[in-house]
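Asks: This structure is in structure tokens; I'll ask about it shortly.
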Amino acid sequence: MIQIVVLVDMEVQVPNKGVFMGLFDFFNKKNKKEEDNNTLEVSVFAPIEGECVDISNVPDDTFAKKMLGEGVAIIPSKSGEVLSPVDGKIVQLFDTLHAFTIETKEGVDILVHFGMNTVFLKQEGFTKILNEGDEVKAGDAIVSYDLDLIIEKGYNPITAIVVLDSDEYSNVATFTNTKVDKTKEIIRIENK
């Protein structure tokens, strides 16, 4: 997908940065957290059962090239439920039910994106269990999915699990090349 932005008579001035750097900051969508001396360690668990693989295996450059952040992918092995991979709050649940974001109490945002181009299914094959704004524990079911239907409709079910703004943390370790279920840690985020 190509995105074109047209600016007409627009100038962004940021004190002590000038027009160019101000424009750069204007388009920089990252919301940098303030630096502090707090340490954190967050474990991310598998939201579905299947084979956990390197994120570079996802056939979408947004994920494969880590444009949204570090992560892993899971090739689902059966129909079931997409679970919360962490304790936190559902801050976004897409209307099409193919993706959601959870924010942990530590402020870490985790994106779970089920399948490639499954947005075009417009909820077909997905059933909502929880709602945006709900508090969740790791392992709570958020959405159920029909793997056979999704594959039958021609969609790749590989599921990306991404730590958004992962460059803000001192270490984001991924655990791949293994079969996983909800008890398996797939990502560990640390700030030391």
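Values quoted throughout were computed directly from the atomic coordinates according to the rules given, and no laboratory measurement underlies them. Treat the numbers as computed from the prediction; the structure is a model and nothing was measured. When we count neighbours, we look across all protein chains shown, and the Cβ atoms used for this are built from the backbone with ideal geometry, even at glycine.
Asks: Search the range 76-91 for residues that are under 16 Å from Gly115 (Cα atoms) and pair each with any residue that is among the aromatic types (Phe, Trp, Tyr) when their beta-carbon atoms are under 6 Å apart and the residues are at least 6 apart or on different chains.
Replies: Close Cβ pairs satisfying both conditions: Val82/Phe114.
Asks: All but one of (1) closer than 18 Å to Gly154 by Cβ; (2) part of a strand (DSSP E or B) hold for Phe120; which doesn't?
Replies: With respect to (1) closer than 18 Å to Gly154 by Cβ; (2) part of a strand (DSSP E or B), Phe120 is out only on (2).
Asks: Is there a residue being at positive phi, surrounded by 17 or more Cβ atoms within 10 Å (Cβ to Cβ) and in contact (Cβ under 8 Å) with a residue 12 or more places away in the chain anywhere in the range 93-102?
Replies: Yes, that holds for at least one residue.
Asks: On to the next question. Quickly run through the range 122-151 and pick out the residues that are closer than 18 Å to Leu111 by Cα and of a type in the set (Asp, Glu).
Replies: Glu132, Asp134, Glu135, Asp140
Asks: Right, another one. From the list Leu164, Leu149, which one is out of contact with any strand residue (DSSP E or B) (no Cβ under 9 Å at 6 or more places or on another chain) and on the phi < 0 side of the Ramachandran plot?
Replies: Leu149
Asks: Answer yes or no: is there a residue in the range 125-135 that is within 15 Å of Val44 (Cα to Cα) and of a type in the set (D, E, K, R).
Replies: no
Asks: Read through the list (1) outside any strand (DSSP E or B); (2) touching a residue at least 60 places away in the same chain (Cβ under 8 Å); (3) crowded, with 19+ Cβ neighbours inside 10 Å, then give the number of the only condition that Val112 fails.
Replies: (1)
Asks: Which one of the conditions (1) acidic (Asp, Glu); (2) touching a residue at least 40 places away in the same chain (Cβ under 8 Å); (3) more than 14 Å from Ile161 (Cβ to Cβ) does Glu70 fail to meet, given that it meets all the rest?
Replies: (3)
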